[in-house]
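In what follows, a single structure is set out as structure tokens and then discussed.
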Amino acid sequence: MKKQFSKILTFLVLTGYFSSCDSVKRVTDEEHLLTSTSILVNDKKDNTEIINDLLYQKANRKIAGIPLRLHIYNLARNNKDSLFEEWLDKKPKRRARLTKKLSKKQLERFKNSSVGFNNWLRKTGEAPIIVDEEKTKKSVKRLQNYYVNNGWFNVKTSYDIKKGEDKRASIEYQVKTGTPFIIDSISEKVKSPIIDSLYQNIKRNALIKPNEQYKTNNFEQERNRISSALRNSGVFHFDQDYITFEIDTVGTNKKVNVGIQIQDRAIRTLDSIRREPFKIFKIKDVNIITDYTFENREKSFQESITYDGYKLSSYDKIRYRPEALTDAIFINPGSVYKDIDRTRTYRHLNQLRTFKYPDIKYDTVPNSDNELIATINLTPLKKFSLAFSGDVSQSNIQTFGFSLNPSLLIRNIFRGAETLEVSAIGSIGASKDKNNLDDPFFDINEIGIDFKLTIPRLFSPFNTEGIIPKYMSPSTRIGLSTTGQTNIGLDKQTFSGTFNYNWYPNKKVSNRLDLFNVQYVRNLNVNNYFGVYQNSYNSLNQIAKDVNYIDSNSNLSIPSQTDAFLDYALNPETPGEISSSQLAIINSVDERKDRLTEDNLILSSSFSFINDERTNLFDDDFSIFRFKLELAGNLLANTSKLLGLKKNDDNRYEILNVAYSQYVKTEFDYTKHWGLGKKNILAMRSFLGIAIPYGNSTSIPFSKSFFAGGPNDNRAWTAYSLGPGSSETINEFNEANLKIALNIEQRFNIFENLNGAIFVDAGNIWNVLDNVEDDSATFTDFNSLKDIAVGSGFGLRYDFRFFVFRFDIGFKTYDPFYRDQNRWFNDYNFSNAVYNIGINYPF
């Protein structure tokens with residue numbers, strides 16, 4: 001073993017040595033390859049990303065200390081096209097012989113493939129970074145500007161290029177910051193009385209504060225803040241250019257005295273500029289043109305009406321109820337001008353999905369020095385939009401299948417800017433295991449239709465403006481859908497209906513209130529249960545053989561013999577040949593069969609809250625908090641009592657011969673990303689969810705329960721294979737009503753768009769406060785936390801810009817399945833690893 005290790009180490013050292021010798025292959029004798037750069041700030045090395053990004057030149061990127069992409073680039077040959085021609089003519093008969101053998105066309109393809117591969121090497125690789133002293137000087141200047149802009153006015157910067165005889169060089173930058181300058185006094189000089197009054201109200205939130213280090217960026221942000229606040233207070237003509245800062249550092253002993261000056265308004269005439277105090281403007285009129293086009297701009301309006309102070313005009317007949325448009329407009333007649341009102345109007349009108357991007361402009365009122373007229377030009381989109389999408393698929397139940405999804409979008413359907421989307425799904429497929437050999441090739445089919453109506457306001461008999469004002473972009477969504485499928489599992493018919501409100505208090509927070517969400521699921525092929533859930537069937541079949549219920553060479557037929565054996569084994573006087581352990585398995589199989597084959601009726605209400613701190617799609621440092629609370633069955637429970645409905649044999653009320661579900665469910669989900677620089681991110685997610693049945697239910701519907709494992713959860717286990725707890729389950733799909741999960745992942749860049757990750761996933765599911773009695777599957781107290789499974793592993797991600805392709809390998813690090821045995825690293829190997837493929841990041 002030691003000899004093998006020595007050989008491997010020697011091989012790696014030699015490989016690195018020869019690779020390093022090849023690094024200067026494309027470097028001329030007059031040039032030097034830049035191998036490293038370092039920045040010393042006050043004699044200490046600074047490796048932070050913000051400082052290193054100031055350099056114009058950096059060494060070729062390395063993987064494990066080797067500039068791999070540089071070596072790939074060096075594999076390419078210069079002038080490959082001419083070199084190939086030269087090779088063909090090197091021997092007199094080579095071109096003729098190859099042309100005769102390959103044909104002239106094939107020879108040209110061979111040449112192009114050779115040149116193409118050469119170009120691929122150049123594109124994939126990275127050209128050697130040659131030391132350029134001019135760029136080094138520019139880097140020094142940039143370093144100096146950075147420190148000056150952050151308060152080190154007396155900073156001194158220099159550089160040292162160390163060139164070696166092997167055509168390699170390194171650059172060392174030295175920065176001596178000196179003592180930073182601190183803001184001392186702040187004074188202001190405001191010309192316009194109105195501006196001075198407004199400024200006094202907002203200066204308490206100033207970004208420039210005494211005793212803080214000088215930063216140029218703070219002055220820029222303060223200029224933006226003042227300008228924004230004044231324009232949102234009615235000062236229509238104000239902009240940032242009216243704000244100047246005077247910086248005094250003469251004889252102040254490293255102190256900065258700041259003077260803020262805000263000038264009067266500049267009015268330009270033909271030959272001069274005069275200044276006048278600013279005034280606060282008000283909105284006199286708001287004109288809305290409902291069908292504006294560039295071609296119609298000179299025509300006369302056919303219809304004009306006034307509603308709530310707004311004037312609506314149209315070149316044709318007005319096709320919108322006035323309140324549908326005015327509710328989306330925040331620029332109000334008689335109000336003070338505010339920049340934010342225009343921004344909110346743009347956003348809300350776009351959310352209607354009824355108009356193209358609107359045009360909003362302001363004009364001053366003739367003979368008035370403080371009034372504005374707002375004109376809003378709306379260009380309607382087409383009333384109908386038709387779309388089609390298709391999908392070809394293959395899965396574990398079908399060899400081939402395809403689907404077609406047509407959809408129709410109808411705008412302004414009730415003249416209130418509502419949108420109705422009608423979509424359908426139709427799919428057919430060929431099953432792998434046909435129930436009947438005489439069935440046609442495409443024996444799987446699914447058909448469904450979905451209606452979604454979006455109303456751009458809260459559809460309610462009550463006035464909700466005081467609770468949820470219109471700047472929160474409230475909307476109402478009503479949905480109805482139904483699907484039917486055959487030869488897929490148990491075959492199902494589903495019906496669902498939703499009525500919910502959505503609103504957004506600010507850019508970070510979104511809320512959703514489902515007043516009701518009804519789901520009805522009917523299983524059409526209950527007799528196929530053991531054909532779908534093979535693990536349950538195999539366990540039941542083996543016990544039937546062990547107790548001599550059937551011959552050891554035969555199998556239970558589905559469904560007649562499987563159901564008969566369940567009745568036989570679960571008879572009040574269980575036959576003596578069935579042991580208690582076998583009876584426990586049979587009980588588990590029967591309970592699960594009853595649960596998964598029963599029809600479901602769920603009528604629930606829920607509230608969801610999301611706080612997303614991301615500033616944009618490229619933000620690497622943010623957090624997201626999600627919360628959801630769902631209550632189901634309470635309305636039906638009260639209705640059952642009022643109507644005097646009777647209970648079934650399981651002591652449950654039924655409506656339309658279906659026992660409805662009653663439960664409370666809540667979820668907490670927190671995600672945090674830390675940007676560590678250089679595309680290095682530490683990501684963490686924690687999740688806690690619990691669903692408690694009560695009243696008319698003793699368990700949670702399968703669709704509302706939790707599962708563990710899979711590419712977005714604990715990646716060392718496949719989806720539904722983990723838990724509950726440490727139980728030795730025989731089920732294909734394991735689920736429970738309590739879940740705890742924690743994921744930590746370190747993401748880093750390998751090169752270009754290829755990224756890597758190492759991760760640790762922990763969590764499990766348990767049953768709690770329901771009808772499950774298995775102690776190993778139940779969360780009883782904090783001792784149950786010892787059953788939290790831990791997986792670890794690594795993965796690769798390739799960023800295609802519009803999505804990320806992800807490949808992860810998870811290893812079972814701590815497996816609760818081993819119960820009283822050692823649970824650590826029992827299956828920590830590639831043969832027991834789980835390979836996950838996913839799209840985009842797991843969290």
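Taking Rg and Dmax of the Cα atoms in Å straight from the coordinates, which label in (1) 32.2, 99; (2) 27.3, 91; (3) 36.1, 113 is the correct one?
(3)
Keeping to pairs on different chains or 8 or more places apart, tell me how many lysine pairs in the range 182-276 have Cα atoms under 15 Å apart.
4
Under the definition of Cα pairs under 8 Å and six or more residues apart, what whole-number percent is the relative contact order of the range 528-597?
32
First measure r as the distance between the Cβ atoms of Asn657 and Ser831, then evaluate 1/(1 + (r/R0)^6) with R0 = 51 Å and state the FRET efficiency to the nearest 0.05.
Approximately 0.55, to the nearest 0.05.
Could you tell me whether the range 111-255 comes out rounded, prolate or oblate from its Cα gyration tensor? Rule is a ≥ b ≥ c as square roots of the eigenvalues, rounded for a/c under 1.5, then prolate if a/b exceeds b/c, otherwise oblate.
Oblate, since a/c reaches 1.5 and b/c is not below a/b.
Is any residue of the range 158-183 close enough, with backbone N under 20 Å, to a label point placed 7 angstrom from the Cα of Glu133 along the Cα-Cβ axis, and if so, which?
Correct set: 158-175.
In debye, nearest 20: dipole of the range 182-276 around its Cα centre with unit charges on the Cβ of K, R (+) and D, E (-)?
Using Cβ point charges on Lys, Arg, Asp and Glu, the range 182-276 gives about 160 debye.
Per 0.36 nm of contour for each residue apart, how much would the distance between Phe609 and Thr244 grow if the chain were fully extended, relative to their Cα-Cα spacing?
Here the segment from Phe609 to Thr244 would lengthen by 127.1 nm.
Please name whichever of Phe702, Tyr242, Thr498 sits farthest to the positive end of the charge dipole of the chain, dipole taken about the Cα centre and charges placed at Cβ: Lys and Arg +1, Asp and Glu -1.
Tyr242
Where nothing but the Cβ of Lys and Arg (+1) and of Asp and Glu (-1) is charged, how large is the charge dipole of the chain around its Cα centre, in debye to the nearest 20?
4520
Return, ordered by residue number, the residues of the range 188-226 whose backbone nitrogen is under 14 Å from a label point located 7 Å along Cα→Cβ of Asp619.
The answer is none.
Once you've got the Cα coordinates, tell me which of Lys545/Lys646; Lys279/Lys508; Lys284/Lys317; Lys545/Lys593 are over 32 Å apart.
Lys545/Lys646; Lys279/Lys508
Can you work out D for the range 528-597 in µm² s⁻¹ from Stokes-Einstein, where Rh is the Kirkwood radius over C-alpha pairs, the temperature is 20 °C and the viscosity is 1.002 mPa s?
178
Compute the Rg/Rh shape ratio of the range 708-804: radius of gyration over Kirkwood radius, all on alpha-carbon atoms.
1.11
Of the DSSP beta bridges with both residues in the range 182-276, give the percent that are antiparallel, rounding to the nearest 5.
60
Give me the distance in nm between label points sitting 7 Å out from Cα along the Cα-to-Cβ direction at Ile467 and Asn783, one decimal.
Each label point lies 7 Å from its Cα, and together they span 4.8 nm.
Below 8 Å between Cα atoms, with a sequence gap of 6+, how large is the relative contact order for the range 182-276 in percent?
Relative contact order comes out at 35 percent.
Of His673, Gly644, Met684, whose Cα points farthest to the positive end of the dipole of the chain (charges on the beta-carbon: +1 Lys, Arg; -1 Asp, Glu; origin at the Cα centre)?
Farthest towards the positive pole: His673.
Given a Förster distance of 41 angstrom, what is the FRET efficiency for Lys189 paired with Asn370, based on the Cβ-Cβ distance and rounded to 0.05?
0.95
Ranked by Cβ crowding within 10 angstrom, fewest neighbours first, how are His237, His673 ordered?
Starting with the residue having the fewest Cβ neighbours, the order is His237, His673.
Just for the range 282-377, what percent of DSSP beta bridges are antiparallel, to the closest 5?
50
Please give the calculated 222 nm ellipticity per residue for the chain, where each DSSP H segment of at least 4 residues contributes -39500 (n - 2.57) and the sum is spread over every residue; nearest 500 deg cm²/dmol?
Computed mean residue ellipticity for the chain: -7000 deg cm²/dmol.
What number, in percent, do you get for the relative contact order of the chain if the mean sequence gap of Cα pairs under 8 Å and at least 6 apart is divided by its residue count?
Value for the chain: 5 percent.
Once the dipole of the chain is set up with Lys and Arg at +1 and Asp and Glu at -1 on Cβ about the Cα centre, which of Ile360, Gly810, Phe330 lies farthest towards its positive end?
Ile360
Every number in this text was worked out from the coordinates using simple rules, so none of it is lab data. Source: prediction; values computed, not measured. Neighbour counts run over all protein chains shown; Cβ positions are idealised from the backbone, glycine included.
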